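The values are calculated or read from the model by the stated rules, or taken from the named source; none is laboratory data. In this text the structure is predicted, and so the values were computed from the model without any measurement. Here the Cβ positions follow ideal geometry from the backbone for every residue, glycine too, while neighbour counts run over all protein chains shown. We work out accessible area using only protein heavy atoms, side chains counted, and drop any ligands, DNA or RNA first. Shrake-Rupley method; radii C 1.70, N 1.55, O 1.52, S 1.80 Å.
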Amino acid sequence: MNRIRAAFGQIRHIAKNDEFYVTFSCGVATFPAIATPELLTTTADDALYAAKNQGRDRVILAGSQADFAEMSRKPAAAARA
C-alpha cells in the first residue's frame, strides 16, 4: 500500500492549464486480527484519522505504532461516541 501511495503522489495532474500533485493517506486494518466487520471498519477509520493527524500522505496499519491508541481517539472515535 505504501508503494501505491508513493506512486500516486508522482502522478502529475493538469486542470485549467495548472499542474498539481496530490497525496493520500489511508488506514489499514486486517482480518482475522480484527474479527467483526463493524470493528474492522472502525479500526481502519481510526487508523486513517491517525495518518491524517500525523501529517498526512502516509499509510497507517492499525496497531502498528505505539501512539496509535492515543491518536485514534481524535476525532473519529469521539465522533462515533
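Observations on the structure shown:
- Count - residues of segment 49-63 that are closer than 16 Å to Asn2 by Cα and either among the polar types (S, T, N, Q) or touching a Leu at 6+ places or on another chain (Cβ under 6 Å) (or both): 1
- Test: residue in segment 3-21 that is surrounded by 11 or more Cβ atoms within 10 Å (Cβ to Cβ), under 12 Å from Leu61 (Cα atoms) and either modelled with pLDDT under 90 or among the β-branched types (Val, Ile, Thr) (or both): no
- Screening segment 38-48 for residues that are charged (D, E, K, R) and open to solvent by 40 Å² or more (accessible area, probe 1.4 Å) and picking the one that is nearest to Ala7 (Cα to Cα) gives Asp45.
- Failed item in (1) assigned to a helix (DSSP H, G or I); (2) modelled with pLDDT of 90 or more, with Lys74 passing the rest: (2)
- Test: residue in segment 27-37 that is modelled with pLDDT under 95, in a helix (DSSP H, G or I) and either open to solvent by 70 Å² or more (accessible area, probe 1.4 Å) or among the aliphatic types (A, V, I, L, M) (or both): yes
- All told, Ala51 meets the bar of being outside any loop (DSSP other than H, G, I, E, B), within 10 Å of the chain's Cα centre (by Cα), among the small types (Gly, Ala, Ser) and surrounded by 10 or more Cβ atoms within 10 Å (Cβ to Cβ).
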